[in-house]
1. For K6, give me every one of the aspartates and glutamates with a C-alpha distance below 12 angstrom, ignoring sequence neighbours fewer than eight places off in its own chain.
2. Straight-line reach only, C-alpha to C-alpha below 16 angstrom: list the aspartates and glutamates that K56 could link to, leaving out same-chain residues fewer than 8 apart.
3. Between T4 and F143, take the C-beta separation as r, use R0 = 25 Å, and let me know the FRET efficiency to the nearest 0.05.
4. Report, in degrees rounded to the nearest 10, the 0 to 90 angle that the Cα long axis of helix 34-47 makes with the longest principal axis of the chain.
5. Could you work out how far the C-alpha centroid of region 84-119 sits from that of region 1-52, in angstrom?
6. Two decimals is fine: what is log10 I(q)/I(0) at q = 0.15, 0.17, 0.27 Å⁻¹ for region 25-78, from a Debye sum with one equal scatterer on every Cα and no solvent?
7. Give the average over all directions of the projected area of the C-alpha convex hull of region 49-163, one decimal, in nm².
8. Under 8 Å for C-alpha pairs, at least 6 residues apart: give me the relative contact order for the chain, rounded to a whole percent.
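Nothing in this text is a laboratory measurement; each read-out follows from the coordinates by a stated rule. These numbers were taken from a predicted model, which means no experiment stands behind them. When we count neighbours, we look across all protein chains shown, and the Cβ atoms used for this are built from the backbone with ideal geometry, even at glycine.
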Amino acid sequence: MSRTAKINRKTKETDITVKLELDGGNVAVNTGIGFLDHMLTALGVHGGFGLEVFCKGDLHVDGHHTAEDVGIVLGQAFAKALGDKSGIMRYGSAFISMDESLGFCSLDISARPFLVFNAEFTNERVGEFDTCLTEEFMRAFAFNAGITLHLRVEYGSNDHHKIEALFKAMAYALKQAVKPNNGGVISTKGTI
């Protein structure tokens, strides 16, 4: 089974291409928002994914459409690459430390999208990235990937570190969850 996907999505606000290879490959990201590029690169590298993301967005407005729409398309790519979601471990969780910050992620590739996001940021921005867009990105990703996603910053003081800990925790949780299980669907129902 080819665990890959390529998705193109063009609207009046964004033009996005995402290429995803669950079993590894090149990582290249250019969204026009440096900090978002850094987070998506970390997601690809630490998840062990091949991940190429290119976005031209209406950054003259702000970064909201870019962050949310990239989350949408990345979620769609995961959903497509996973197909019927059989043959994977399904669940994953991870704690990741970034200096003084500790982030946690637990997820279920369940086809029942949900987001629980428990993180507070003290600064409005990290670089050119609005910190409030972290939750918007994660919601768009979870709902389009069909993932139940729980994210929490346990503690920390530096917003860059807190957000990076969340992205890396999600990367390691996804890495566990998409790992082949040498069998069918892990569900008492027999289907996801």
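1. In chain and number order, the partners are E21, E52.
2. Cross-link targets: E13, D15, D37, E68, D69, E128.
3. Working from the Cβ atoms, E equals 0.70.
4. Tilt relative to the chain: about 20 degrees.
5. 18 Å
6. Here log10 of I(q) over I(0) equals -0.38, -0.48, -1.12.
7. Its Cα hull, projected and averaged over all orientations, spans 7.6 nm².
8. Relative contact order, the chain: 26 percent.
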